[in-house]
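Below is one structure, written out as structure tokens, with a few remarks after it.
The values are calculated or read from the model by the stated rules, or taken from the named source; none is laboratory data. Quick caveat: nothing in here was measured; it's all calculated off a predicted structure. Every residue, glycine among them, receives a Cβ derived from its backbone with ideal geometry; neighbour counts consider all protein chains shown.
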Amino acid sequence: MKTGYVHVYTGNGKGKTTASLGLALRAAGSGLKVAIHQFAKNADCGAIKMLRKIRGIRISQCGNGPFIIGKPQGGDIACAERGFEAAKKDIYSKKYDIVILDEINIAMKLGLVDTNEVRRLIVDKPGSVELVLTGRHCPVAIKNVADLITDMREVRHPYRRGIGARKGIEV
């Protein structure tokens, strides 16, 4: 790719991670190399198990659990910092055509990753690298430097009726 754009998938609705993983599949199917860094996640869900089998996709999880509620602990911060450093290495190495920072927006909101550092990464990234940031609560500073923003809006969700995440659908 000659020009790599910056995508933001945010909002309260379902599908942000799913959209980014779909992009990873499309890219790998076209011979592109993809690195996925998942923040605030550390679970082998069905999608992750399958993506690990695909040539051209590498996944790194930098979270201590599926979701952080409350104030992050020292281990959460250290894990996110290591993940962000690894993501920066992948971006600057130019070894990957697409780098996905899944749930980085949540990591910024929780103070696990500094918003100014993420903005600097976006501005300074090599021009050929496509960068995807997902998660609720995308900061305005990040939206201001993105090329493509999709805001997933929840209209209705079974969760509101007390139905939990289902294996193979939500996890």
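Scanning region 22-38 for residues that are modelled with pLDDT of 95 or more and either hydroxyl-bearing (Ser, Thr, Tyr) or in contact with a strand residue (DSSP E or B) (Cβ under 9 Å, 6 or more places away or on another chain) (or both) returns Leu23, Ala24, Leu25, Ala27, Ala28, Ser30, Leu32, Lys33, Val34, Ala35, Ile36, His37. Each residue in region 6-41 was checked for being assigned to a strand (DSSP E or B) and without any contact (Cβ under 8 Å) to a residue 40 or more places away in the chain, and 0 of them qualify.
For Ile91, are the conditions met, namely being of a type in the set (A, V, I, L, M, F, W, C), farther than 17 Å from Ala19 by Cα and touching a residue at least 40 places away in the same chain (Cβ under 8 Å)? Yes: the conditions hold for Ile91.
Within region 67-121, the set of residues being out of contact with any helix residue (DSSP H, G or I) (no Cβ under 7 Å at 6 or more places or on another chain) and aliphatic (A, V, I, L, M) comprises Ile69, Ile77, Ala78, Ala86, Ala87, Ile106, Leu110. Here is a check on your reading of the model: is Ile69 modelled with pLDDT under 80 and among the aliphatic types (A, V, I, L, M)? The answer is yes for Ile69. Taken residue by residue, region 66-73 has at least one member that is surrounded by fewer than 20 Cβ atoms within 10 Å (Cβ to Cβ) and among the polar types (S, T, N, Q).
Determine, yes or no, whether Gly63 is crowded, with 20+ Cβ neighbours inside 10 Å and without any contact (Cβ under 8 Å) to a residue 60 or more places away in the chain.
yes
Residues in region 42-57 that are in contact (Cβ under 8 Å) with a residue 24 or more places away in the chain and either of a type in the set (Asp, Glu) or touching a Leu at 6+ places or on another chain (Cβ under 9 Å) (or both) were compared, and the one that is surrounded by the most Cβ atoms within 10 Å (Cβ to Cβ) is Ile57.
Once region 1-41 is narrowed to residues that are of a type in the set (D, E, K, R), in contact with a Phe, Trp or Tyr (Cβ under 9 Å, 6 or more places away or on another chain) and more than 13 Å from Leu131 (Cα to Cα), the residue that is surrounded by the fewest Cβ atoms within 10 Å (Cβ to Cβ) is Lys14. Of the residues in region 114-122, none is under 26 Å from Lys167 (Cβ atoms), out of contact with any Gly (no Cβ under 6 Å at 6 or more places or on another chain) and basic (Lys, Arg).
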